[in-house]
1. Would you mind stating whether GLY16 is surrounded by 13 or more Cβ atoms within 10 Å (Cβ to Cβ), farther than 21 Å from THR97 by Cβ and not acidic (Asp, Glu)?
2. Scan the stretch 56-89 for residues that are over 17 Å from SER21 (Cβ atoms) and open to solvent by 40 Å² or more (accessible area, probe 1.4 Å) and report the count.
3. Considering each residue of the stretch 91-100, count those that are crowded, with 17+ Cβ neighbours inside 10 Å and at pLDDT below 95, and give that number.
4. Quick one: which residue in SER50, SER7 is over 15 Å from PRO99 (Cβ atoms), within 11 Å of the chain's Cα centre (by Cα), open to solvent by less than 60 Å² (accessible area, probe 1.4 Å) and among the hydroxyl-bearing types (Ser, Thr, Tyr)?
5. Find all pairs meeting these conditions: Cβ atoms under 9 angstrom apart; at least six residues apart or on different chains; first residue within the stretch 15-26 and in contact (Cβ under 8 Å) with a residue 12 or more places away in the chain; second residue assigned to a loop (DSSP other than H, G, I, E, B) and buried (at least 21 other Cβ atoms within 10 Å of the Cβ).
6. Output the number of the condition that PHE98 fails; it satisfies all remaining conditions of (1) farther than 13 Å from SER30 by Cα; (2) of a type outside the set (A, V, I, L, M); (3) touching a strand residue (DSSP E or B) at 6+ places or on another chain (Cβ under 7 Å).
7. Could you identify the single residue in GLU6, GLU46 that is free of Cβ contacts under 8 Å to residues at least 40 places away in the same chain, within 14 Å of TRP105 (Cα to Cα) and not small (Gly, Ala, Ser)?
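The values are calculated or read from the model by the stated rules, or taken from the named source; none is laboratory data. Since the model is a prediction, treat every value here as computed from it, not as a measurement. Positions of Cβ are backbone-derived with ideal geometry, glycine not excepted, and every protein chain shown enters the neighbour counts. Please note that ligands, DNA and RNA were not included when accessible areas were found on the heavy atoms of the full protein model with its side chains. Shrake-Rupley method; radii C 1.70, N 1.55, O 1.52, S 1.80 Å.
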Amino acid sequence: QVQLVESGGGLVQAGGSLRLSCQASRSIFSGNTMGWYRQAPGKQRELVASITSGGGTNYANSVKGRFTISRDNARNTVYLQMTSLKPEDTPVYYCNTFPIIFSSWGQGTQVTISS
C-alpha cells in the first residue's frame with residue numbers, strides 16, 4: 001500500500017522553528033531519495049529539500065542554511081527541521097520520492113507564519 005502521512009505543521013511567528021515529519025510506507029521509502037515539497041495557493045508545487053537513501057542532501061536556494069532534511073530508515077520517516085521561518089515559507093508541505101515515482105500524495109501539513 002502506498003501511503004504518505006505528513007505532520008508537524010502549525011502556526012508560528014516569523015523567525016521561529018518547526019519540525020515536520022513524514023511517515024511513508026516501506027514501498028515508497030526504502031532505497032528511494034525522499035523530498036519535501038511545498039505548494040502555495042495558485043502556485044506549482046516546488047521541491048525544497050531532498051535526501052538520498054545514504055543521507056546525501058540538497059536544498060532549494062530559498063531554504064538553504066535554514067532548513068535541514070533528515071531520515072530515519074528504520075522508521076521509514078523523513079523529517080524537515082525548519083528554522084528562521086519567513087512569511088514566504090507559509091504553504092502546505094508534502095513529502096514524496098524525488099523524482100516522483102508514485103502519483104499518490106499525502107494530505108500535506110499546513111505551515112502558517114505570522115509576521
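1. Here the answer is yes, as GLY16 does meet what is asked.
2. The total comes to 10.
3. Result for the stretch 91-100: 1.
4. Exactly one residue qualifies, and that residue is SER7.
5. Qualifying pairs under 9 Å: GLY15/LEU85; GLY16/LEU85; SER17/LEU85; LEU18/LEU85.
6. Going through (1) farther than 13 Å from SER30 by Cα; (2) of a type outside the set (A, V, I, L, M); (3) touching a strand residue (DSSP E or B) at 6+ places or on another chain (Cβ under 7 Å) one by one, PHE98 breaks only (1).
7. Only one candidate qualifies: GLU46.
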